[in-house]
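The values are calculated or read from the model by the stated rules, or taken from the named source; none is laboratory data. Here the structure is a predicted model, which means the values were calculated and not measured. When we count neighbours, we look across all protein chains shown, and the Cβ atoms used for this are built from the backbone with ideal geometry, even at glycine. These accessible areas exclude ligands, DNA and RNA; they are computed on the full protein's heavy atoms, side chains included. Shrake-Rupley method; radii C 1.70, N 1.55, O 1.52, S 1.80 Å.
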Amino acid sequence: MRIAAMLAVLMACLPLYYLLRPFTAHNPVPRWFLRTIAAIAGVHIRTRGPRPARRTFFIANHVSWLDIPALAGATGTAFIAHDGLTEIGPLRWLCELNDTVFVARHDRRSVAAQIEQVRAALRETGALAVFPEGTTSNGTELLPFKSSLLSALDTEADHIPVQPIWLDYGPETRGIAWAGTEPGLDNALRILARWRPIGLTITYLQPLSQDERANRKTMAQAARCAIASAMARCR
């Protein structure tokens with residue numbers, strides 16, 4: 001029933017997306033669609049902390065595929081994603097509708113081009129989010145943060161806030177987390193088959209200070225510490 005509802009929402013949103021596309025630089029339909037997808041999946045979102053500015057670079061922990069529709073629905077953000085998703089045609093197409101920036105994480109020769117992609121996305125979409133762990137975790141601890149794409153924010157010229165976000169599924173975390181060797185499709189079907197609602201608290205932490213934005217490694221470390229501190233306070 002949930003899959004059928006998601007497909008129905010997609011069919012309803014696509015004509016509206018293309019109808020509004022010529023008239024708006026920030027098409028609102030992807031945000032509506034993703035917010036509805038999260039609701040259909042059973043996610044009940046609660047937000048805490050200082051509300052972000054419209055143009056913000058978010059740094060978040062990564063627990064589940066649910067993070068994406070929930071965070072996009074709450075903030076309107078686009079995402080940085082690894083280019084492995086481009087091999088899945090329908091998924092790539094859906095990602096591109098939400099202005100996803102695809103990057104080749106293991107191709108050091110293209111770092112400069114990827115940085116420019118990130119800068120362009122921030123100018124065009126307003127908000128952009130990255131999951132610097134590079135993969136999903138079990139939700140109870142943080143993996144090391146990869147800092148390479150934060151190079152796009154090394155300069156102060158952009159004046160774009162960098163704001164850490166903690167995504168917390170509370171007592172449901174271990175059951176929601178996509179970790180280990182579980183195939184992605186199995187995880188998605190298992191979550192969609194749940195009867196119980198899924199509570200998600202999105203905590204907007206304080207934006208990084210100028211000292212914490214001295215360089216990409218400092219940013220990655222400061223964001224990781226901020227999220228880890230929030231997790232420790234609430235455990």
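Relative contact order, percent, of the stretch 1-100 when contacts are C-alpha pairs under 8 Å separated by at least 6 residues?
Once normalised by length, the contact order is 30 percent.
Using a 1.4 Å probe, how large is the accessible area of Ser229, given in Å² and rounded to the nearest 10?
Roughly 50 Å² of Ser229 is accessible to a 1.4 Å probe.
Which residue fluctuates the most in the chain, going by a Gaussian network model with Cα springs under 10 Å, if the choices are Thr218, Thr75, Thr203?
Taking springs between Cα atoms under 10 Å, the residue moving most is Thr218.
Could you give the length gained by full extension between Arg196 and Phe23, i.e. 0.36 nm per residue of separation minus their alpha carbon distance, to one decimal place?
58.3 nm
How much of the accessible area of the chain, in percent, comes from carbon and sulfur atoms when a 1.4 Å probe is used?
Carbon and sulfur together cover 59 percent of it.
Measuring from label point to label point, each 7 Å out along Cα→Cβ, what is the Ala120 to Thr135 span in nm?
Rounded to a tenth, the inter-label distance reads 3.0 nm.
Would you check the accessible area of His26, probe 1.4 Å, heavy atoms only, in square angstrom rounded to 10?
Roll a 1.4 Å probe over it and His26 shows about 80 Å².
Report, in deg cm²/dmol and to the nearest 500, the calculated mean residue ellipticity at 222 nm for the chain, where each DSSP H run with n ≥ 4 adds -39500 (n - 2.57) and the sum is divided by the residue count.
-12500 deg cm²/dmol
Once amide H atoms are built 1.01 Å from N in the peptide plane, which residues 5 or more positions from Thr56, or in another chain, come under 5 Å H to H?
Correct list: Ala127, Leu128.
Could you list the square roots of 5 times each eigenvalue of the Cα gyration tensor of the stretch 1-74, that is, the equivalent ellipsoid semi-axes, sorted largest first and rounded to whole Å?
22, 19, 9
Once amide H atoms are placed 1.01 Å from N in the peptide plane, what residues at a sequence separation of 5 or more from Asn61, or on another chain, have their amide H within under 5 Å of its amide H?
For Asn61, the qualifying residues are Ile165, Leu167.
Nearest 0.05, what FRET efficiency do Met1 and Ala188 give at R0 = 22 Å with Cβ-Cβ as r?
0.90
Lys/Arg Cβ at +1, Asp/Glu Cβ at -1, dipole of the chain taken about the Cα centre: which of Gln117, Leu19, Leu150 is farthest positive-ward?
So the residue furthest toward the plus end is Leu19.
Which entry is the computed percent of Cα pairs over 27 Å apart for this structure: (i) 38; (ii) 51; (iii) 32?
Given (i) 38; (ii) 51; (iii) 32, the structure-derived one carries the label (iii).
Please sort through the DSSP H helices of the chain and keep those with an alpha-carbon extent of at least 18 Å along the long axis and a Kyte-Doolittle average not below 0.5.
Those that pass (Cα extent of 18 Å or more, hydropathy at least 0.5) are 2-20.
Once amide H atoms are built 1.01 Å from N in the peptide plane, which residues 5 or more positions from Thr100, or in another chain, come under 5 Å H to H?
Amide H to amide H, under 5 Å and 5 or more residues apart or across chains, Thr100 pairs with Phe79.
Have a look at the DSSP beta bridges in the chain and tell me what percent are antiparallel, nearest 5.
If I count the DSSP bridges inside the chain, around 15 percent turn out antiparallel.
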